[in-house]
1. Output the residues belonging to the stretch 430-470 that are more than 14 Å from residue 413 (Cα to Cα), in contact (Cβ under 8 Å) with a residue 60 or more places away in the chain and assigned to a helix (DSSP H, G or I).
2. Are any residues in the stretch 213-246 over 19 Å from residue 192 (Cα atoms), modelled with pLDDT of 95 or more and surrounded by fewer than 17 Cβ atoms within 10 Å (Cβ to Cβ), and if so, which ones?
3. Starting from the stretch 398-426, keep only residues that are over 15 Å from residue 385 (Cα atoms), then list their pairs with residues that are modelled with pLDDT under 95 and surrounded by fewer than 16 Cβ atoms within 10 Å (Cβ to Cβ) whose Cβ atoms are within a distance under 7 Å, requiring at least 6 positions of separation or different chains.
4. May I ask you to verify whether residue 12 is modelled with pLDDT of 95 or more and out of contact with any helix residue (DSSP H, G or I) (no Cβ under 6 Å at 6 or more places or on another chain)?
5. Out of all the residues in the stretch 110-118, is one or more over 25 Å from residue 80 (Cα atoms) and buried (at least 17 other Cβ atoms within 10 Å of the Cβ)?
6. Given the stretch 250-359, what helices (runs of 4 or more DSSP H) lie entirely inside it while holding 3 or more residues that are more than 26 Å from residue 224 (Cβ to Cβ)?
7. Can you name the number of the only condition in (1) within 34 Å of the chain's Cα centre (by Cα); (2) at positive phi that residue 25 fails?
8. Can you pull out the residues in the stretch 128-156 that are touching a residue at least 12 places away in the same chain (Cβ under 8 Å) and not in a helix (DSSP H, G or I)?
C-alpha cells in the first residue's frame, strides 16, 4: 500500500472513524478491506499492537477476505512461521488472483525454494492478459528485490517494457543498489528526486546508495533532506546516524542512534550502535548499559548477537575484567559466525590484559585451525599493533607480505601506520601508495586521521609527500 494513500483525506476519515469507535469502546462496523488498510497503516508506523488488533477484527468479520489473508500471510512470514502462512494461503478462495500468486511465491522464497518459485511465476506469466503483463512482471521483480534476490529481480525487470514511470524507475534503482551498482542507482534516484523532491523514500534510498558507495558525507546530507520532510522517520534518522558514525563523529552519531531507539525501542541495532559510539568515546560504563539492553531485547536468532557479544567483550576488557570479557566470546560458540575470528578476539583480549603467554597460545591455535589463512594472520598482526607492539608488528608485516605475494591487497594501510609511528617516512610513503592503489577503502578506514576531513584516498600520497617535504 502506497504511503500517499495513507495521507489521503479519504483514508484519514476512515482512520478517524475507526479510532473514534475503538476509543469509545463501541463496536466497529467497517469494510474488512478498510480494516486491512488500517492494519497496514499501523504496521508502517511501527504501531504493531494496534495493527494486530485491527487485522484480528477484520479476520473475525471475514476469515476468507483476500486482503485480510494477505496481511496474515505476511505477518506469519515476518515471524518465519511458514506453516501458518501456508494455512492462511489455503483459505484463499480465488487461486488465480494476483494476491494468491504473489503470496505463494513469497512462501516458496522463504522456504528457499527459489527455482520452484521462479517456475511457478513463469507458469502464471503465460496466462496473464497482455494489458496486465507489465504490472505482473514488475510485481515479480519487486518480490525478489524485497527478499534480496537481486539477480532474479533483474531477470524479471528485463522482461518488462522500459518506461519512464516512477514505479519502474524506483524498482530499477533498488535492484541496481542490491546488485552493487551504486552509481547507477544514484543516477536514477536523483532523476526521481528531481521530479518529486518531497518524497522521503527517494532521499532514504539515495542515502543508502551513497553510504554503500562510501560517500558518507553525501549520505548524511541526503538523510537530512528525508528528516526535513519527516522529522519522525526512523529510516532517515538511523541513516544519518550510520553516516555520522562512519565519519567518526561519534557524539552526533550517538544522538541520532538514541533518537532511533526512541522511535523503535524493540530494535537491538540502535542500542548496539549507541554502545559502539560510547566505546569510541571512551565512556565504557555507559557503553555497557546500552549493550546489555541490546542483548536483553535481541531475539535468539538476531543477526546482531555476535556483534553484541563481541562489543560487550571489548568493553569488559577495557574495564579490566578479562574473564567476563572472555565469557562473552564463549557465548558465540553456538552462533553461526567465524569461530576462528572469535579465537583471535580472545587472543586480543588476553594480550590487552597482559596475559601474554595465554594470548600467544590462542593466536597459535587460531593460525593452526585456519590452516595459516592470510586473513587470520592479518587479524593477529593488527591485534599486536592495537596493543602497541609496534616493532613486532613491523617485523611480522615484512614476513606477511612475502608470504601472501603481490596480488594480496589487505594490510598495507596498517603497515603504513606502523611506519608512520616508527618515523620510517620513506617506507611510510611506499606503503601508503600501495595501500591507496590496492585498497582505498581500507586506506580511508585506517589512515583518515592523518589527513584533512573528507579527503579521498587517491589524494593521500601527494598530500603527504608535500607535507613531509615541508
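The values are calculated or read from the model by the stated rules, or taken from the named source; none is laboratory data. All values derive from a computational prediction rather than experimental measurement. For neighbour counting, all protein chains shown are included, and Cβ atoms are generated from backbone atoms with ideal geometry for every residue, glycine included.
1. Result: no residue meets the conditions.
2. 231
3. Note: pairs meeting the criteria are 425/468.
4. Details: modelled with pLDDT of 95 or more: no; out of contact with any helix residue (DSSP H, G or I) (no Cβ under 6 Å at 6 or more places or on another chain): yes.
Taking the combined requirement at face value, the residue does not satisfy it.
5. Here is the first cut: in the stretch 110-118, the ones over 25 Å from residue 80 (Cα atoms) are none.
Checked against the condition, which is being over 25 Å from residue 80 (Cα atoms) and buried (at least 17 other Cβ atoms within 10 Å of the Cβ), the stretch 110-118 yields no hits at all.
6. 284-297, 305-318, 322-330, 339-352
7. If we test residue 25 against (1) within 34 Å of the chain's Cα centre (by Cα); (2) at positive phi, just (1) comes out false.
8. 147, 148, 149
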